[in-house]
Amino acid sequence: MSARHRPPAAIAALALFAALALGGCASAPPAAAPGAAAQAAPAPLPANPADPWERWNRKVYAFNDAIDRAVLKPVAQGYRAAVPHLVRKGVDNVLGNIGDVWSAANNLLQGKVQTGLEMGFRVLTNTFFGLGGLLDPASEMRLTRHSEDFGQTLGTWGVGSGPFVELPLFGPSTVRDGLALIADRRASPAQLPETARGRNAVTVIGVVNTRTKLLDASALVDRVALDPYAFIRDAYLAHRRESIEGAASLVDTGSDVGDDAPPPAATAASAPAAAASAAPAASAASAPQ
């Protein structure tokens, strides 16, 4: 029978079947359960309670790291390649001898009288028998360096560290240590020259010297740290906590807590912005006395 003579009922049945078949092919898959999407999406990393300003700190870290890679690191590499080790060691000794005066004062302020007196004798020994600090006979006499800053002194006095903060140019710090930088900068070698040009020159020398010493540490961070920012932050906080708590529990015992030999991770913590963390910025150095 031709389509022209097919009964209307048969034609209607065929049309209904075609409509149902096409509708089944075009229908969307069933919706996922409400909790399925939440389970599939990766959970956000938990916030670090010591770093409530992490989003801002990461931006500052990226800024510091860009300056380090573009300027400080290449200059430090050139300085190490061009300047003989003996000369670099002499520069480091002189800067370290001046810094030892402030460390001696902080040891005494923390109640570590024996360590503070040893640091004082160390300064006198290197100044008078080490050609003004160019040489380091005090280390050969076992007058060990015990480096301390005012942030550690405040911590020993019971002042809390406050949140972690990445300071522009100065690198990893905390609220307490950042405020203590005001006193530390006033006691830095860069404040000794009377002229702005002299202060700027000492600042640059200190920056390059410190960054040169941390070239290997920064290379370690680049090799092993999946998240350099978090690695540096955690290492810095751990080292500061250890040095302050150790100093507070060993007051006036002459212990080696706070020596110039921090753990490798703590050393690497200051590498990306190392130069500024050890010496004041040039603008600060040129400020009127």
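The values are calculated or read from the model by the stated rules, or taken from the named source; none is laboratory data. As the structure is a prediction and not an experimental result, all values here were calculated from the model. Every residue, glycine as well, gets a Cβ built from its backbone with ideal geometry; the counts of neighbours run over all protein chains shown. Note: areas computed on protein heavy atoms with side chains; ligands, DNA, RNA excluded. Shrake-Rupley method; radii C 1.70, N 1.55, O 1.52, S 1.80 Å.
Some observations on this one:
- Loop sites in region 208-242: chymotrypsin sites (Phe, Trp or Tyr not before Pro), DSSP, at most 12 other Cβ within 10 Å: none
- Apportionment of accessible area to carbon and sulfur, region 72-187, percent (1.4 Å): 70 percent
- For region 115-211: accessible area per residue (Å², 1.4 Å): 48 Å²
- Cα-based Rg and Dmax for region 166-206, where Dmax is the largest Cα-Cα distance (Å): 11.7, 31
- Cα centroid separation, region 65-101 to region 151-211: 17 Å.
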